Amino acid sequence: MVAGMLIFVSSFLLAADSQPRVWLDKNGETIAKATLEKVDAGSAHLKTEDGEVLVVSLDVLSDADRVTIDATTPRVWSFKDGESLEAILVKKSGLQVHFKAPQGQTRIVSFESLATEDQRRVEDQLRRMRLANPRFVRVTRNRQDEPDRLETSIARYVSAESPNGSLQVDLVSAVHVGDRIYYDRLNEELKNYDVVLYEFVAPKDKAVPQPGTRSRSTVGDVQRIIRDVLQFEHQLDGIDYTAENFVHADMTPDQLSLEMQKRGENSWSMFVRMLENIKATPADDRQSLDEEDLVLMLFRFAKNPSLSLRRAMAEQMADVEGFVTLFEHPGGSAIITGRNEEALKALRSQIDDGKRRIAIFYGAGHMPGLEKSLMQDFDLQLENERWIPAWDMSNRASHEDDVNE
């Protein structure tokens, strides 16, 4: 134990990197163009091109720069039984954590076996990784470092063997409540595809939602409450599902119920799993809003409570993979994995029918799993990603039709 602590406080030397890079602080301001020499006791030693060594606290660095350090700097991780492991964190899969030792070996350990403080560090580091490299949903910030816009992406995938080939599959991410102009823009974008595969759990004879359609699910009710409080449009009201190129690519309620039975799931088991995953996250790392938080926020920002609530919720929604983790388990859940499989069956059918410009229009929480399948099962690779503003969180009185290409 003592030896492990001594190793922890010692310096971690990095592999030589002769190429300097620009290091930024959390506000996006330049610290220096420099080479990372080492990490020591919570600080990065940066050597500038003129030979000066700057000692910068890790807490000052941008998330992207912290991720760079995390990915190249082994550290000592402590366990509850007193053992320790020097390694680089790779990922967390369910309740298992994957590490890579300096010699290249992979070590998989139980998240619960880690010391409590290192459980928190695992979650901190994984969250930095997700936010520094946003996929499918992101939050942009203004000069005061306040959330300014929530954006969703259109990610394009093409053949890995012949990138210039004719097959193109776009993952069009959606959030289910947003500004009216967000859905107007999506309607225009979705006109450009041979076929749009969309999500909507409904009987086959009612799979084309009409404006004003009310979901009978608890989730749908919650979405409409959020819509009203945040002064948003609901996706079912804003998207034209009657378009000729729209094809239903989701389960019926009966199919979903059967799939849940096959996986040993029900509403209660999903709730328990979500609580278990939340419990596995150290308390200090939980990003949640309880009733007291909301009341205090409404009083504090009485001039514009809708804006302050938008900003608070956007931070959580941007962590797509963190959200999915609450529901998924090693075998996959019916509500995420099972419905993704249904969408992929529809994709295969459309490809076999000769369609070449295809969009999968699903909630952002489904996209990490869909992307993995496109790459592994369809041999596609990411070509580009574009971003569309979904929530305007600026202080402007009116929304402007500005799109970040």
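Annotations for the structure displayed:
- For I88: the one exception among (1) touching a Pro at 6+ places or on another chain (Cβ under 9 Å); (2) more than 30 Å from G28 (Cα to Cα): (2)
- Where a residue in region 95-117 is closer than 19 Å to K80 by Cα and in contact (Cβ under 8 Å) with a residue 24 or more places away in the chain and its partner, wherever it lies, is assigned to a strand (DSSP E or B) and among the hydroxyl-bearing types (S, T, Y), with Cβ under 7 Å and at least six apart: L95/S110; A115/S78
- The residue that is farthest from G42 (Cα to Cα), counting only those in region 101-123 that are among the charged types (D, E, K, R) and buried (at least 16 other Cβ atoms within 10 Å of the Cβ), is E123.
- Candidate set from region 175-202 (those that are closer than 20 Å to L374 by Cα and touching a Leu at 6+ places or on another chain (Cβ under 7 Å)); member that is surrounded by the most Cβ atoms within 10 Å (Cβ to Cβ): L197
- Looking across region 40-59, the residues that are under 24 Å from A87 (Cα atoms) and either at pLDDT 85 or above or not in a strand (DSSP E or B) (or both) come down to A41, G42, S43, A44, H45, L46, V55, V56, S57, L58, D59.
- Residues of region 75-96 satisfying the condition of being within 25 Å of the chain's Cα centre (by Cα) and not small (G, A, S): I88, L89, V90, K91, K92, L95, Q96
- Taking the criterion of being buried (at least 16 other Cβ atoms within 10 Å of the Cβ) and charged (D, E, K, R), the only residue of region 39-62 that qualifies is K47.
- L89 being touching a Phe, Trp or Tyr at 6+ places or on another chain (Cβ under 9 Å), closer than 30 Å to R143 by Cβ and in a strand (DSSP E or B): no
- Single residue of R185, R141 found to be farther than 26 Å from M251 by Cα, free of Cβ contacts under 8 Å to residues at least 60 places away in the same chain and not acidic (D, E): R141
- Residue selected from region 240-265 under the condition farther than 15 Å from N340 by Cβ and touching a strand residue (DSSP E or B) at 6+ places or on another chain (Cβ under 6 Å), by the criterion surrounded by the fewest Cβ atoms within 10 Å (Cβ to Cβ): N245
- Unmet criterion (only one of (1) of a type in the set (S, T, N, Q); (2) modelled with pLDDT under 95; (3) farther than 18 Å from S93 by Cα) for Q350: (2)
The values are calculated or read from the model by the stated rules, or taken from the named source; none is laboratory data. Predicted, not measured: the structure shown is a model, and the values here were computed from it. As a convention, Cβ positions derive from the backbone with ideal geometry for all residues, glycine included, and neighbour counts pool all protein chains shown.
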